[in-house]
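Accompanying notes for the structure given below.
Rule-based calculations on the coordinates, nothing more; no lab input. This structure is a prediction, so every number in the text was calculated from the model and none was measured. In this analysis, Cβ positions are derived from the backbone assuming ideal geometry, glycine residues included, and neighbour counts consider all displayed protein chains.
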């Protein structure tokens with residue numbers, strides 16, 4: 001995927017929708033176009049902000065650059081923001097838009113200035129990440145893609161045909177011992193369930209179910225975007241020939257089960273590719289360390305939507321025994337739960353994502 005290098009504009013027309021009981025909703029319609037070429041820009045996120053700077057409504061432009069942003073009743077908009085991966089986010093006052101006249105809003109490209117290879121930042125923890133050079137710039141690009149992924153998942157006008165895949169793997173060579181595949185159609189939901197900020201803080205990323213089994217929580221867009229995740233982790237960045245690697249690890253002060261890993265960005269387009277992670281501080285014998293892992297892959301669909309294309313979690317099954325006062329632990333197998341999206345139904349077209357083997 002190649003990045004289009006030019007400034008971006010947005011043409012907005014605002015209309016007030018009145019229902020039978022008075023003011024019902026406000027709709028902002030428009031088209032995001034490239035400021036240099038006037039070509040439509042798909043996958044730009046248009047955000048309405050209130051007086052506190054909080055987002056009250058979001059939407060993505062489609063493959064024609066068009067969007068419709070519907071505000072909840074009684075929301076007073078103080079400004080707008082247009083966000084696009086690889087571009088500087090640009091904020092606008094509410095009076096930049098006219099109820100009668102379309103307005104043109106422009107944002108400029110903002111490439112991350114990078115040279116060379118190797119580690120360029122590390123051990124930026126919590127609030128220290130803000131303004132932390134490349135690591136912070138990479139984190140901002142990751143956040144854009146995660147926000148767009150979360151928005152796509154919550155869009156009930158889209159449906160996703162997916163396969164849910166359960167496998168049992170050999171712990172030594174990852175050879176597949178068992179496999180079960182079932183279909184699933186998703187609409188307005190995440191492909192897997194993650195934990196809340198409160199759970200993240202109080203219990204950690206592995207919890208104990210009522211039957212005594214362990215539940216491994218996978219990081220979704222909402223969890224990764226939370227303030228708790230940033231506060232509880234340290235970040236570092238490394239440059240490769242074709243990618244930017246943003247690494248994260250829990251603060252040393254944190255004893256709860258957690259995750260550490262890396263987020264891979266394309267170096268040219270800044271598109272989010274892959275999240276790889278492993279669980280730390282496992283409530284299991286030391287033999288299980290490094291064996292509980294997961295992966296999430298992302299992609300931008302042709303219509304501008306950002307989605308999780310496939311995901312898995314691998315969980316070790318451990319047999320413990322005692323020889324006198326000596327404990328033995330053996331990894332019997334790895335149980336994998338995951339899935340992959342095969343196609344997106346936008347209502348007007350079917351987007352095939354293809355049949356991809358598990359990574």
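By the count of other C-beta atoms within 10 Å, a proxy for reagent exposure, 205, 322, 312 are ordered fewest to most as 322, 312, 205. With a ≥ b ≥ c taken as the square roots of the eigenvalues of the C-alpha gyration tensor of the stretch 181-252, please select rounded if a/c is under 1.5 and otherwise prolate if a/b is larger than b/c or oblate if it is not? It comes out oblate by the Cα gyration axes. If you take the Cα centroid of the stretch 167-234 and the Cα centroid of the stretch 264-319, the two points sit 10 Å apart. Please state the shape class of the stretch 118-352: rounded when a/c is under 1.5, otherwise prolate if a/b exceeds b/c and oblate if not, all from the C-alpha gyration tensor. Oblate, since a/c reaches 1.5 and b/c is not below a/b.
Oblate is the label for the stretch 143-218. Its Cα gyration tensor axes, ordered a ≥ b ≥ c, give a/c of at least 1.5 and b/c at or above a/b.
As a rough footprinting exposure proxy, the listed residues 229, 298 were ranked by other beta carbons within 10 Å of their own, and the order from fewest upward is 229, 298. Exposure proxy shown here: for 151, 275, the number of other Cβ atoms within 10 Å sets the order, fewest to most, as 151, 275. For the pair residue 156 and residue 286, the difference between a 0.36 nm per residue extended length and the Cα-Cα distance amounts to 42.4 nm.
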